[in-house]
Amino acid sequence: MTTTVPQGAIAAAARTRKRPPRRRSQHKRAIAIFVVPFAILFSLFYLLPIGYAVVQSLMVVEREGTFGPATEVFGGLTQYRAVMDDAAFWASVRRVLAFGAVQVPIMLGLALLFALLLDSPLVKGKRFFRLAFFVPYAVPGVVAAIMWGFLYSPNLSPFTAATQSINFLSADLVLWAMANVVTWVYVGYNMLIIYSSLLAIPAEVYEAARLDGAGQLRIALSIKIPLVLPAIVLTTVFSIIGTLQLLAEPQVFRTFSSAVTSTYTPNLTVYSTTAVPNFHLAAAFSVVLALATFVLSFAFLKFTQRKAS
């Protein structure tokens, strides 16, 4: 004689059955194996330098008499008051902000356009163009600046007809000549980020749009661009940070143009201050520049989040 066990009893027995204990210690060890190396490197090469720079910015050098030995003493906000009173530094900040206000939208607009073209089924030879757009980023920034400096120079450029009629290295145009160099180098890098985001869009979305009668232009404007907005925001944040850290291009262009001074950009100001040497003031410049970069990036992210909501 067989008895039928109710399904409810089976479910109750399954719930009351003891589960094997989880091996939390193994999970903790696995997490530590992955996290600890990163934490060590992050602390050594990021947190400690920042802390050291903050400490150095709070110090001043004092001497006993004219030729007495130099001693470092705590100076509080003395270096930061010098930063606030430095007109050349704030002029360089305004200069790179104007640079970024023009250069960043143009660069990201070209990156978005190239990414959309690569993602379009109408374009042939995608592998070649993807490599061609990215190749300038593989060129080191210093090498790119030297190459473009020679192209801009009236006496060295192979395009003498253009360089002799338009002085790209003059005080009015040298900033935008450097903007062209930065755009040429980083368009491909930003394009790859946006293009990768385009590849992540499900193909079913495009099929539904085509069934509704949408063409390639309508798909790009109404589907692709809205869906890759997070990637565009990411590249914009990277570009804001890079703009305020502009150094290689103006440093190289100083050899080609007298219009580029030692305080032309904030990072050049820091570099020239360390050459004096005045490491404590340079550290204060660096801390203020880092805070300005953080504030601008954070404000942009908050602005985009409000627009999205």
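Listed values, structure above:
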{"item": "His280, sole failed condition from (1) crowded, with 16+ Cβ neighbours inside 10 Å; (2) closer than 21 Å to Pro140 by Cβ; (3) over 18 Å from the mean Cα position of the chain (by Cα)", "result": "(2)"}
{"item": "Residue list for region 65-115, filter: charged (D, E, K, R) and either assigned to a helix (DSSP H, G or I) or touching a strand residue (DSSP E or B) at 6+ places or on another chain (Cβ under 6 Å) (or both)", "result": "Glu72, Arg81, Arg94, Arg95"}
{"item": "Exclusive hit being in contact (Cβ under 8 Å) with a residue 12 or more places away in the chain, part of a helix (DSSP H, G or I), out of contact with any Ser or Thr (no Cβ under 6 Å at 6 or more places or on another chain) and over 29 Å from Pro266 (Cβ atoms), set Leu192, Leu198", "result": "Leu198"}
{"item": "Region 157-186 residues that are touching a residue at least 60 places away in the same chain (Cβ under 8 Å), paired with ones that are open to solvent by 10 Å² or more (accessible area, probe 1.4 Å) and among the aromatic types (Phe, Trp, Tyr) (beta carbon under 6 Å, 6 or more apart)", "result": "Leu169/Tyr152; Leu169/Phe256; Ala177/Tyr152; Ala177/Phe168; Val181/Trp148"}
{"item": "Any hit, region 175-183, residues being more than 27 Å from Leu118 (Cβ to Cβ), at pLDDT 90 or above, open to solvent by 50 Å² or more (accessible area, probe 1.4 Å) and assigned to a helix (DSSP H, G or I)", "result": "yes"}
{"item": "Selection within region 198-253 - of a type in the set (D, E, K, R) and open to solvent by 30 Å² or more (accessible area, probe 1.4 Å)", "result": "Glu204, Glu207, Arg210, Asp212, Arg218"}
{"item": "Lone qualifier among Thr293, Thr235, Thr273 - being in contact with a Phe, Trp or Tyr (Cβ under 7 Å, 6 or more places away or on another chain), β-branched (Val, Ile, Thr) and at pLDDT 90 or above", "result": "Thr273"}
{"item": "Count of region 117-126 residues which are more than 13 Å from Leu192 (Cβ to Cβ) and assigned to a helix (DSSP H, G or I)", "result": "1"}
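The values are calculated or read from the model by the stated rules, or taken from the named source; none is laboratory data. What you are looking at is a predicted structure, and each value in this text was computed from that prediction instead of being measured. A quick note on method: Cβ atoms are made from the backbone with ideal geometry, for glycine too, and the neighbour counts reach across all protein chains shown. Just so you know, the surface numbers come from the protein's heavy atoms only, side chains and all, with ligands and any DNA or RNA stripped out. Shrake-Rupley method; radii C 1.70, N 1.55, O 1.52, S 1.80 Å.
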